[in-house]
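Colleague: Take this structure, written in structure tokens, and hold onto it; I'll ask about it next.
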Amino acid sequence: MALSKRTLGSLRARKTQLALAIRIAVAAVAAYMIAVALHLMLPLWAVLTSLIVTQMSVGRSLKATRDYMLGTIGGAIYGGAIAVLIPHSGEGGLLALLVLAVTPLAFIAAINPSLSSATVTAVIVLLLPAMHQSNPLDSAIDRVMEVTVGALTGLAVSFLVLPSRAVSQIRVNAARLLELIADAFVELLAGLTRGRDNDALHRIQDGIGTALVGLNATGAEAERERAAHLSSGPDTGPLLRTILRLRHDVVMIGRATVVPLPLDVQVRLAGPLSEVSKAIAHYMRAVAAALRAGAGAPAIAPVHAALERYAGEVAAVRSEGLIRGQPGEVAERFFALGFSLEQMRQNLCDLDRCAVEWSEVPRTTAGTEDQST
């Protein structure tokens, strides 16, 4: 019983991946059955194509289908044309033709990787007739039909079987990235009492860059779905740009914490910086939870209050001359930290607006709930 519960819990946690596996299996079976029903020469290519175009989201499936179809049609036309128009006989002639087919298409694929299937298709169109005693034109037509069946089957399955929209994946990926940034922010501010080297900075921020690349890719898929009127929802651009700027803020704060603050300044700023760390990290994690659940945007007022207190203490430290006489590098990083936190405040205000846009609960309702708790 306990094992079955753990298994079910693990499957629920991986429901997106499980849905993809089911879609791929359905697409492969359907493509094979259709290819056999149409008496295509090689149902294998229909099945393989269906596997390639069935992706994690509808938007990604659209792009994979478009790229694979364009590459296949282009490769079939080019491979069939040179096979028909350039006389050749024997293995020597076929090898020369193969070089002529592969070289330009491989060059094009190197420039535009989305057309990489053109090279494979041209090779199939050239070599298959020699193996099956058929003509290149029939080989090109068969190849296009097989790929078309596989691509359309995979795309249809992506739409109809447990469809996954990139917009919903944006919520999950953005939430995870905000949590990573919050964790890094807390650890970086803690380093103001001891400093840290560049290796430690890279370790703290490991994973943020990779997650950001994945989020941007998902954003492109979501916009592709919106353009095709396959999904609705807010424009992904503002949210992605805001998270990118928050990542830049964390990088700047990390550079400012390489050298620790002077001991007397640490004592004065320890309390305000602790409040800033807790308020900002809590807010980003609350926004992450709201994005996942489609809940109301959390209150940003505690962030403003913590930053105001910090700014007031910084002004007092400066007026008392505690920074005077410090090494230039220490003073520079002290002021850089204040600038970075102020910049982060502006970007968190942008995040607040994005949280409202992505919320499925009116702001007034969210505010009422916050006050009641």
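Colleague: Have a look at Ala37, Ala25 and point out the one that is free of Cβ contacts under 8 Å to residues at least 24 places away in the same chain and farther than 16 Å from Ser158 by Cβ. Give the steps one after another, and end with the answer.
Modeller: On the way: Ala25 fails: farther than 16 Å from Ser158 by Cβ.
Every option except Ala37 fails the conditions.
Colleague: Looking for something in a helix (DSSP H, G or I), at pLDDT below 85 and open to solvent by less than 60 Å² (accessible area, probe 1.4 Å) - is there at least one such residue anywhere in the range 94-105? Even if it seems obvious, please write down each step before you answer.
Modeller: Residues of the range 94-105 in a helix (DSSP H, G or I): 94-105.
Filter again for at pLDDT below 85, leaving 94.
Now narrow it down to the ones that are open to solvent by less than 60 Å² (accessible area, probe 1.4 Å): 94.
Yes, the conditions are met somewhere in the range 94-105.
Colleague: In addition: Does Gly59 satisfy being at pLDDT below 90, crowded, with 19+ Cβ neighbours inside 10 Å and not in a loop (DSSP other than H, G, I, E, B)? Step through it out loud before you land on a result.
Modeller: Working: at pLDDT below 90: yes; crowded, with 19+ Cβ neighbours inside 10 Å: yes; not in a loop (DSSP other than H, G, I, E, B): yes.
So Gly59 passes the test.
Colleague: Starting from residues that are touching a residue at least 24 places away in the same chain (Cβ under 8 Å) and open to solvent by 20 Å² or more (accessible area, probe 1.4 Å), keep the ones in the range 283-295 and report whichever is nearest to the chain's Cα centre (by Cα).
Modeller: Going residue by residue through the range 283-295, those that are touching a residue at least 24 places away in the same chain (Cβ under 8 Å) are 283-285, 287-292, 294-295.
Adding the requirement that they be open to solvent by 20 Å² or more (accessible area, probe 1.4 Å) leaves 285, 289, 292, 295.
Values: Arg285: 19, Ala289: 18, Arg292: 16, Ala295: 22 Å.
If we take residues in the range 283-295 being touching a residue at least 24 places away in the same chain (Cβ under 8 Å) and open to solvent by 20 Å² or more (accessible area, probe 1.4 Å), then Arg292 is nearest to the chain's Cα centre (by Cα).
Colleague: From the set of residues in the range 201-218 that are buried (at least 16 other Cβ atoms within 10 Å of the Cβ), in a helix (DSSP H, G or I) and over 10 Å from the mean Cα position of the chain (by Cα), which is modelled with the lowest pLDDT?
Modeller: Leu201
Colleague: Looking at the structure I just gave you, is Ser168 over 20 Å from Val29 (Cα atoms) and not in a helix (DSSP H, G or I)?
Modeller: Taking the combined requirement at face value, the residue does not satisfy it.
Colleague: Among the residues of the range 75-90 satisfying the criterion of being β-branched (Val, Ile, Thr) and open to solvent by 20 Å² or more (accessible area, probe 1.4 Å), which is farthest from Met145 (Cα to Cα)?
Modeller: Start the filter on the range 75-90 by keeping residues that are β-branched (Val, Ile, Thr), which leaves 77, 82, 84, 86.
Retained after the next criterion (residues that are open to solvent by 20 Å² or more (accessible area, probe 1.4 Å)): 77, 84, 86.
Working: Ile77: 13, Val84: 19, Ile86: 24 Å.
Looking at the filtered set, the residue picked out is Ile86.
Colleague: Search the range 219-234 for residues being open to solvent by less than 30 Å² (accessible area, probe 1.4 Å) and assigned to a helix (DSSP H, G or I), and hand back the single one that is farthest from Gln205 (Cα to Cα).
Modeller: Applying the filter and picking the extreme gives Glu225.
Colleague: Among the numbered conditions (1) at pLDDT 90 or above; (2) part of a helix (DSSP H, G or I), tell me where His39 comes up short.
Modeller: (2)
Colleague: Do you know which residues across the range 142-156 are under 18 Å from Val26 (Cβ atoms) and open to solvent by 10 Å² or more (accessible area, probe 1.4 Å)? Walk me through how you get there before you give the answer.
Modeller: First, the residues of the range 142-156 that are under 18 Å from Val26 (Cβ atoms): 149-156.
Across the range 142-156, the qualifying residues are Val149, Leu152, Thr153, Leu155, Ala156.
Colleague: I need the full set of residues from the range 235-261 which are open to solvent by 20 Å² or more (accessible area, probe 1.4 Å) and not in a helix (DSSP H, G or I), in order please.
Modeller: Listed by number, the residues that qualify are Asp235, Val258, Val259, Pro260.
Colleague: For residues that are assigned to a helix (DSSP H, G or I) and under 30 Å from Ala289 (Cα atoms), tally how many sit in the range 126-165. Before you say what the answer is, go through the steps one by one.
Modeller: First, the residues of the range 126-165 that are assigned to a helix (DSSP H, G or I): 126-132, 136-160.
Of the ones still in play, those that are also under 30 Å from Ala289 (Cα atoms) are 158-160.
Here the count works out to 3.
Colleague: Same structure, new question: Looking only at the range 62-74, how many residues end up being crowded, with 22+ Cβ neighbours inside 10 Å and over 22 Å from Ala227 (Cα atoms)?
Modeller: Residues in the range 62-74 being crowded, with 22+ Cβ neighbours inside 10 Å and over 22 Å from Ala227 (Cα atoms): 2 in total.
The values are calculated or read from the model by the stated rules, or taken from the named source; none is laboratory data. From a predicted model like this one, the values you see are computed outputs, not experimental measurements. Cβ coordinates were reconstructed from backbone atoms using ideal geometry, including for glycine residues, and neighbour counts include every protein chain displayed. Accessible surface is based on the protein model in full, side chains and every heavy atom, while ligands, DNA and RNA are left aside. Shrake-Rupley method; radii C 1.70, N 1.55, O 1.52, S 1.80 Å.
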